[in-house]
Amino acid sequence: MQTKHPATRLGAMLAQYARTLGALPRARTRSLRQAARHFLVSLSVLGELKASGRRRKLLRRASARLVRRARRTFRKRRTRLRRKLRRRTRVAIRGARRRRARFDLGRKRLAKVYRRRGPGQARDLLRLRRVGVLESLHRFSAAQPAAALRPDYSDLWFLYDIVRDRRPSTLLEFGSGCSTPVIAAAVRANGSGHLWTLDGDESWSHATRAALPLELRDLVTIVHAPIREDDRDVRGWSHENVPELEPDFIYLDSPALTPKRQVAFDPLDLEERFSPGFVMVVDGRQRNAEYLRERLQRLYRVTRMPGRHLFELLD
Ligand SMILES: C[S@@+](CC[C@H](N)C(=O)[O-])C[C@H]1O[C@@H](n2cnc3c(N)ncnc32)[C@H](O)[C@@H]1O
């Protein structure tokens, strides 16, 4: 048996290795140097392939991660946007509903007032709405005790209109209630003036204070003025704790009269202090108005209207 040169044997061995490593289809070796070269080449190619495979795998994984992250971000953004859109839509719908409800409420109330209380009240309700007083009035009414009487829109419109027309600066009201925010709103629209409103019933004066809309509070002073029986030439009533003012406007709507006591004397006690341009509105209380007309000392034009008397100082 022919023994091969050790170098040849080594070459054959290395070629065998190169083949088993699989990098080359067939390692053709003629010499040891060639076999060694093939072996080294196979190793490096194999290493290269392995390395690039790993790199590719890593790259694939990394890009999959990136894609996943991008998808997640997209989904998150999409959810956030959808939520935002839904929230905005809900808010817009709620606003529209509220506006429509307010509008319906206005229309319903108007129709109800027209049906139950006649066209005059409905017309004055519309007038109050047109000058922007209705919202304050409704807020005031809503905050009043449940037992409160409903407002008389014609009286309220008359008060608003006359205060806007005569522009008094010192206003005095006997009997607080729905008239208070309406007179105060007229004072506010005038740009100057202050309303003192007296109430004999402490709980009502508290109720008026609590219900008065914020924007009107600075324009109104609410005074608790207890009512006492007062017997002069006729039996009547007077308020205590009346502030020392020089009024140019009085609204007389208190106290509640009884069959035996039909007169409030307060305007007689204040007469000396009436300032030029003075006007007084006496609500209902026919006997009281006639009594005052007879007893007041200064010169007045007295106009009798449905449901009220108007006194205008002429001197
Ligand atoms: C004729 S009310 C005065 C109402 C107010 N001047 C007006 O025109 O709305 C006389 C007294 O009744 C009480 N009062 C006020 N508002 C009321 C209401 N809505 N219902 C029942 N009583 C009221 C108060 O004590 C007030 O002094």
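So, in the range 241-251, exactly how many residues are surrounded by 12 or more Cβ atoms within 10 Å (Cβ to Cβ) and in contact with a Pro (Cβ under 8 Å, 6 or more places away or on another chain)?
4
I'm checking my understanding of the structure. Among residues of the range 169-202 that are outside any strand (DSSP E or B) and of a type in the set (Val, Ile, Thr), which one is farthest from Pro226 (Cα to Cα)?
Only one residue fits best here, namely Val187.
Could you list all residues from the range 149-158 that are hydrophobic (A, V, I, L, M, F, W, C), within 8 Å of the ligand (Cβ to nearest atom) and surrounded by 16 or more Cβ atoms within 10 Å (Cβ to Cβ)?
Leu156
So Leu172 fits all but one of (1) more than 21 Å from Asp266 (Cα to Cα); (2) in contact (Cβ under 8 Å) with a residue 60 or more places away in the chain; (3) more than 9 Å from the ligand (Cβ to nearest atom); what number is the exception?
(1) is the only condition that Leu172 fails.
Quick check on the range 252-266: of everything there that is free of Cβ contacts under 8 Å to residues at least 40 places away in the same chain and under 42 Å from the mean Cα position of the chain (by Cα), which residue is surrounded by the fewest Cβ atoms within 10 Å (Cβ to Cβ)?
The residue in question is Ala256.
Could you say which residue among Ser141, Ser203 is under 26 Å from Gln262 (Cβ atoms), near the ligand (Cβ under 9 Å from one of its atoms) and either in contact with a strand residue (DSSP E or B) (Cβ under 8 Å, 6 or more places away or on another chain) or in the same structural domain as Lys260 (by TED's automatic domain parsing) (or both)?
Of Ser141, Ser203, the one residue that is under 26 Å from Gln262 (Cβ atoms), near the ligand (Cβ under 9 Å from one of its atoms) and either in contact with a strand residue (DSSP E or B) (Cβ under 8 Å, 6 or more places away or on another chain) or in the same structural domain as Lys260 (by TED's automatic domain parsing) (or both) is Ser203.
In this structure, is Glu246 away from the ligand (no atom under 16 Å from the Cβ), within 45 Å of the chain's Cα centre (by Cα) and more than 19 Å from Leu159 (Cβ to Cβ)? Write out each step before concluding.
Working: away from the ligand (no atom under 16 Å from the Cβ): yes; within 45 Å of the chain's Cα centre (by Cα): yes; more than 19 Å from Leu159 (Cβ to Cβ): yes.
Judged against the criteria, Glu246 is a match.
The values are calculated or read from the model by the stated rules, or taken from the named source; none is laboratory data. The model shown is predicted, which means the values in this text are computed figures rather than measured ones. Counting neighbours? That spans all protein chains shown, and the Cβs are built from the backbone with ideal geometry, glycine included.
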